[in-house]
Amino acid sequence: LEFRRVLFRSSPEDDYYRVETIPPPPGVVFEPGGLANMPDGRMMICTRRGDIWSWWPGTSNWKLWASGLHEPLGIMATGSNQVLIAQRPELTRITDTDNDGEADLFETVTAAFGLSGNFHEFHYGPVKDAQGNLYGTLNCGWRAYAQSDIAFRGWAYKLTPQGQFIPYALGFRSPSGIGMSPEGEIFVTDS
């Protein structure tokens, strides 16, 4: 498996982007679930297998930043040494408090949506609007007709800066992507 990074360019003669092949960390089954650019230029990559790796562009320098997460499928940089992670049971703030290159503080931001243990209850996001609200999406459990035993599965949610969890949009089966336009419109992809 090769990890590829698309670099956008500003001049038409460069065909607008190029693809750079980046070898993954040696000996690691690398299944990226989310990418975030950090303020210092590092890229943080969360993997489906529960790790967060940091990588410096233009190098082969990989560092395991955090591990032991529950299938993280979304990551957002929130500071120079801090990210938000969408893992199955919760939205988690992870911080490297002593600046040693490894996370050491894991805080639950919200777990208001619950988890039944069904293998298909994925969690994606977050994205942030101009008012500081966070948005994420929650897959339905996998059964006949995409049923779920947990409230808010199949929903997109909004989390206010004060921590209020608000079910935002429903009717999704597997909303495996969420994004925000420059105008602040939220888009959800459903498979």
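Inclusion of Leu7 among residues that are open to solvent by 20 Å² or more (accessible area, probe 1.4 Å), under 30 Å from Gln162 (Cβ atoms), modelled with pLDDT under 95 and of a type in the set (A, V, I, L, M, F, W, C) is not warranted.
Which residue out of Trp155, Trp142 is out of contact with any His (no Cβ under 7 Å at 6 or more places or on another chain) and open to solvent by 60 Å² or more (accessible area, probe 1.4 Å)?
Result of the check over Trp155, Trp142: Trp155.
For the range 103-113, name all the residues that are under 18 Å from the mean Cα position of the chain (by Cα) and in a loop (DSSP other than H, G, I, E, B). Result: Ala103, Ala111, Ala112, Phe113. Of the set (1) modelled with pLDDT under 95; (2) hydroxyl-bearing (Ser, Thr, Tyr); (3) assigned to a loop (DSSP other than H, G, I, E, B), all apply to Thr97 but (1). Filtering the range 103-126 to residues that are surrounded by 15 or more Cβ atoms within 10 Å (Cβ to Cβ) and acidic (Asp, Glu) leaves only Glu121.
Give the residues of the range 168-179 that are in contact with a strand residue (DSSP E or B) (Cβ under 7 Å, 6 or more places away or on another chain) and exposed (fewer than 15 other Cβ atoms within 10 Å of the Cβ), sorted by residue number. If the condition is that a residue be in contact with a strand residue (DSSP E or B) (Cβ under 7 Å, 6 or more places away or on another chain) and exposed (fewer than 15 other Cβ atoms within 10 Å of the Cβ), then Leu170, Gly179 are the ones that fit. Regarding Ser80, is this residue modelled with pLDDT under 95 and not charged (D, E, K, R)? So Ser80 passes the test.
A single entry from Asn133, Asn81 fulfils the requirement of being under 30 Å from Glu183 (Cα atoms), in contact with a Pro (Cβ under 8 Å, 6 or more places away or on another chain) and either of a type in the set (Lys, Arg) or surrounded by 15 or more Cβ atoms within 10 Å (Cβ to Cβ) (or both): Asn133. On the basis of being polar (S, T, N, Q), open to solvent by 30 Å² or more (accessible area, probe 1.4 Å) and either modelled with pLDDT of 95 or more or not in a strand (DSSP E or B) (or both), does Thr92 make the cut? Judged against the criteria, Thr92 is not a match. Taking every residue in the range 121-142 that is in a loop (DSSP other than H, G, I, E, B) and pairing it with any residue that is of a type in the set (Val, Ile, Thr) and open to solvent by 10 Å² or more (accessible area, probe 1.4 Å), at least 6 positions away or on another chain, the pairs with Cβ-Cβ distances below 8 Å are Glu121/Ile150; Asp129/Ile186; Gly132/Thr160; Asn133/Thr160; Gly141/Ile150. If we scan the range 101-115, do we find a residue that is hydrophobic (A, V, I, L, M, F, W, C) and modelled with pLDDT under 95? Checked against the condition, which is being hydrophobic (A, V, I, L, M, F, W, C) and modelled with pLDDT under 95, the range 101-115 yields at least one hit.
Kindly evaluate Thr160 against the criterion of being modelled with pLDDT of 95 or more and open to solvent by less than 50 Å² (accessible area, probe 1.4 Å). Spelling it out, Thr160 is indeed modelled with pLDDT of 95 or more and open to solvent by less than 50 Å² (accessible area, probe 1.4 Å). If the condition is being assigned to a strand (DSSP E or B), over 22 Å from Gly179 (Cβ atoms) and not hydrophobic (A, V, I, L, M, F, W, C), then the range 30-70 contributes Ser54, Lys63. Scanning the range 119-157 for residues that are at pLDDT 95 or above and of a type in the set (Asp, Glu) yields one hit, Asp129.
The values are calculated or read from the model by the stated rules, or taken from the named source; none is laboratory data. Keep in mind the model is a prediction, meaning the values are calculated, not measured. Virtual Cβ from ideal backbone geometry, glycine too; neighbours counted across all protein chains shown. All accessible areas refer to the heavy atoms of the entire protein, side chains included, with ligands and DNA or RNA removed. Shrake-Rupley method; radii C 1.70, N 1.55, O 1.52, S 1.80 Å.
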